[in-house]
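First the structure, in the form of structure tokens, and then the observations on it.
Readers should treat all values here as calculations from the given coordinates under stated rules, not as data from a laboratory. As the structure is a computational prediction, the values presented were derived from the model and not from experiment. Here Cβ is always computed from backbone atoms with ideal geometry, including for glycine, and neighbour counts include all displayed protein chains.
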């Protein structure tokens, strides 16, 4: 099943809906947009339509929707059969570093590294410290993976107020391997390598700079990106495009020229850029964003 329109049609059937009710569920006025996507295999849905669909059904696998990879629906969020994965997930959920986790538990960072990176089983004492140090956690989730993860209804409260500021502080000198080129991106700077499960474990978060992508991307907000196959792009979606000559956040459009893509900004003042498909070194798909509001 190679076309996204076919997958949307399958999703509608799986949900027991029709084009009208599906369109209503995602906030569209009528079914014309969905009908055109399903009836025209060469047409790709806009970023707005994809975002509406993913927001409406939390467990929908965006990799399946966009690229046909994996199953239609992901496993339940916060479900990790391996206890090492659950303890690692706690740090991601609270958006704190390994060192900050160790400080909160009053243990040495090296002790955590043993099971984070070497798959050593955590001791009973360490599990107890996690439960005591993170009182919002459901103890049965920590020990046995019994959902929900949080025992209290404290959505958002367990993340400290300065979490977002910590997310956008830059790294030291370099990012490892494939992320190095991102430091030269013209209008999106690396903020934090992160795993955010609500965005299906994106690879990296970046802070947006410049106004070329307004109003869709506001300077100062955080975009969540995934490293994808450089030949698996979908028209009309936003990407960080890495070539030898440029590193930039843009929408990829069809240029109607052989071996050429059009990189298009959102504003009307900045010119689009043409680049050869063969020149693309890496692509990072923008899968979500964290918008900051200022008073």
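In table form, for the structure just shown:
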{"item": "Cubic angstrom per residue, convex hull over Cα atoms of segment 244-287", "result": "82"}
{"item": "R0 of 30 Å, Cβ-Cβ distance residue 36-residue 186: FRET efficiency to nearest 0.05", "result": "0.35"}
{"item": "More than 18 angstrom apart: percent of Cα pairs within segment 83-144", "result": "21"}
{"item": "Fewest-first sequence of 55, 137 by Cβ atoms within 10 Å of each Cβ", "result": "55, 137"}
{"item": "Cα-based shape type of segment 4-67, given that a ≥ b ≥ c are square roots of the gyration tensor eigenvalues and the cut on a/c is 1.5", "result": "rounded"}
{"item": "Residue 140 paired with residue 214, simple spin-label distance in nm, labels 7 Å along Cα-to-beta-carbon", "result": "5.2"}
{"item": "Computed over segment 4-67: relative contact order in percent, which uses C-alpha pairs under 8 Å that are six or more apart", "result": "39"}
{"item": "Fewest-first sequence of 233, 47, 239 by Cβ atoms within 10 Å of each Cβ", "result": "47, 233, 239"}
{"item": "Burial ordering of 286, 264, fewest other beta-carbon atoms within 10 Å first", "result": "264, 286"}
{"item": "Contour excess over end-to-end distance, with Cα ends at residue 125 and residue 85 and 0.36 nm allotted per residue", "result": "12.7 nm"}
